[in-house]
Amino acid sequence: MAQSIPIAVLEYSGGGDWYANPTALKNLAQFTNQHCGTHIDGQNHSVAVASPAIFNYPFIHMTGHGRWELTAAEVSNLRDYLLAGGFLHIDDNYGLDAYVRPEMKKVFPELSFVEVPFNHPIYTRPFAFPKGLPKIHQHDNASPRGFGLFYENKLICFYSYETDLGDGWEDEEVHHDAAEKRIQALKMGANLIHYAFTRFLN
């Protein structure tokens, strides 16, 4: 049997609730294993930004509703992690947006978030999203948008805004999202993991 691969939620400081979606990654791992043939560890893992253990997780998910601040040590460790092949998915759970760009600018002063085109592999496989991110929660009733940081033509950080994928990954009774919305969210999450795991194979 193939060894299972752990994925984790990012623990961060500043006051934001990084722990907001406790059932999300468990369900995403189960869905991706079932439909994409992956072997993801379905246990709940979390890892602090400055921890050396961050390098044990090829895919890290970040969520929350509020404040996020990075220390110098966290900036250095997160940069090293992403340059070493790690992948960060930031998912605005409503309230995180004001902090995403300035904090990631500390990590990569030379990079800026750009909107990821709809023909990018993150939207095309294994599930097709020809119009980009699905809309899971209303928030400000704006269109969902996906932004990325690209380093040497590889997407290393994906920021999903005005969609709330993580809420769609949670157990049905948490938010009572329609089954169709939850499936859309899980499929998009599977695409994120697929890209993170395969982007260096091409």
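List of remarks:
- Residue check, Phe55 assigned to a helix (DSSP H, G or I), of a type in the set (Phe, Trp, Tyr) and surrounded by fewer than 17 Cβ atoms within 10 Å (Cβ to Cβ): yes
- Whichever residue in segment 3-26 is assigned to a loop (DSSP other than H, G, I, E, B) and aliphatic (A, V, I, L, M) and, among such residues, is nearest to Val100 (Cα to Cα): Ala20
- Only residues that are without any contact (Cβ under 8 Å) to a residue 60 or more places away in the chain and within 14 Å of the chain's Cα centre (by Cα) were counted across segment 23-37, and they come to 2.
- Just one of the listed residues (Leu78, Leu88) is assigned to a helix (DSSP H, G or I), touching a residue at least 12 places away in the same chain (Cβ under 8 Å) and buried (at least 19 other Cβ atoms within 10 Å of the Cβ), namely Leu78.
- Filter result for Asn77 (farther than 28 Å from Lys135 by Cβ and polar (S, T, N, Q)): yes
- The residues on offer are Leu111, Leu133, and the sole one that is modelled with pLDDT of 95 or more, outside any helix (DSSP H, G or I) and either hydroxyl-bearing (Ser, Thr, Tyr) or closer than 14 Å to Asp91 by Cα (or both) is Leu133.
- Being crowded, with 17+ Cβ neighbours inside 10 Å and either assigned to a strand (DSSP E or B) or more than 16 Å from the chain's Cα centre (by Cα) (or both) is a property that His61 has.
- Each residue in segment 38-61 was checked for being within 23 Å of Pro126 (Cβ to Cβ) and touching a residue at least 40 places away in the same chain (Cβ under 8 Å), and 7 pass.
- Selection within segment 168-201: residues that are of a type in the set (A, V, I, L, M, F, W, C) and part of a loop (DSSP other than H, G, I, E, B). The member of this set that is surrounded by the most Cβ atoms within 10 Å (Cβ to Cβ) is Ala178.
- Failed item in (1) under 20 Å from Ile60 (Cβ atoms); (2) in contact with a Gly (Cβ under 8 Å, 6 or more places away or on another chain); (3) free of Cβ contacts under 8 Å to residues at least 60 places away in the same chain; (4) surrounded by fewer than 21 Cβ atoms within 10 Å (Cβ to Cβ), with Lys106 passing the rest: (2)
- Index of the failed condition, Tyr123 passing every other in (1) assigned to a loop (DSSP other than H, G, I, E, B); (2) under 19 Å from Glu162 (Cβ atoms): (1)
- Any chance Ala29 is among the aliphatic types (A, V, I, L, M), surrounded by fewer than 17 Cβ atoms within 10 Å (Cβ to Cβ) and part of a helix (DSSP H, G or I): no
- Members of segment 117-148 found to be in contact with a strand residue (DSSP E or B) (Cβ under 7 Å, 6 or more places away or on another chain) and buried (at least 22 other Cβ atoms within 10 Å of the Cβ), listed by number: Ile122, Leu133, Gly146
- Qualifying residues in segment 64-93 (those that are farther than 18 Å from Lys105 by Cβ and hydrophobic (A, V, I, L, M, F, W, C)) - the one nearest to the chain's Cα centre (by Cα): Phe87
- Look at (1) farther than 25 Å from Gly14 by Cβ; (2) touching a helix residue (DSSP H, G or I) at 6+ places or on another chain (Cβ under 9 Å); (3) assigned to a helix (DSSP H, G or I) and you find that Phe118 fails only one, number (3).
The values are calculated or read from the model by the stated rules, or taken from the named source; none is laboratory data. The structure displayed is predicted, hence computed values, not measured ones. Cβ coordinates were reconstructed from backbone atoms using ideal geometry, including for glycine residues, and neighbour counts include every protein chain displayed.
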